[in-house]
1. Provide, as a two-decimal number, the C-alpha radius of gyration of the stretch 3-164 over 2.2 N^0.38 Å, N being how many residues it has.
2. Determine, for E47, E96, E146, the number of other Cβ atoms within 10 Å of each Cβ, and report the residues in order from fewest to most.
Amino acid sequence: MASTDHARTVFMAGLKNAHAMEKQALSIMQPQVNRLTHYPELSRRLEAHIAETETQIDRLDQVLTSVGESSSAMKDLFLSSFGSMAALGHITAGDEVLKNSFANLAFENYEIAAYASLISAARICGENAAVPLLEQSLEEERRMAEWVEQSIPGVTETFISLKGSGEKAKI
Ligand SMILES: [Fe+2]
């Protein structure tokens, strides 16, 4: 197998994995939004990133179609510990806003790595048209990761002050 064939195999697998990863991103973020009544900025940013994620899925669909794959037939199995990590956040009483923020930051960084790898594979196998689309998604993930990281001290402060005031700090 020539190295471009290997690259194509890696690229195709990476595209499918990224599609499943973004679906999982939605399933991690969507349940958080409505529970964040005391964290309006976090809620708004998550909503904005849910919209971005939907666009990222559209971009991946576009690239999958251009390489002859139909995303509707895909099963979107994403095997990672993130799903269970997020689920753990939801069942653990009290500090889920903190745990979810940690999981969000971990997930955004995972996405950054996945897109960086996908872009590299796309270049090697000559799928140059996919590169700008994937770069746009990578940039959005970087901005989200940065935002989540910067939000953590403030979220922690709010969490502590709500706890002190006897409010239900977890929501
Ligand atoms: Fe993301």
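1. Details: Rg = 17.0 Å, N = 162, 2.2 N^0.38 = 15.2 Å.
After normalising by residue count via 2.2 N^0.38 Å, the value is 1.12.
2. Working: E47 16, E96 21, E146 12.
Result, fewest neighbours first: E146, E47, E96.
Every read-out reported here was derived from the displayed coordinates using simple, explicitly stated rules and does not represent laboratory data. For clarity, every value in this text was computed on a predicted model and none was experimentally measured. Reconstructed Cβ throughout: ideal geometry from the backbone, glycine too, with neighbour counts over all protein chains shown.
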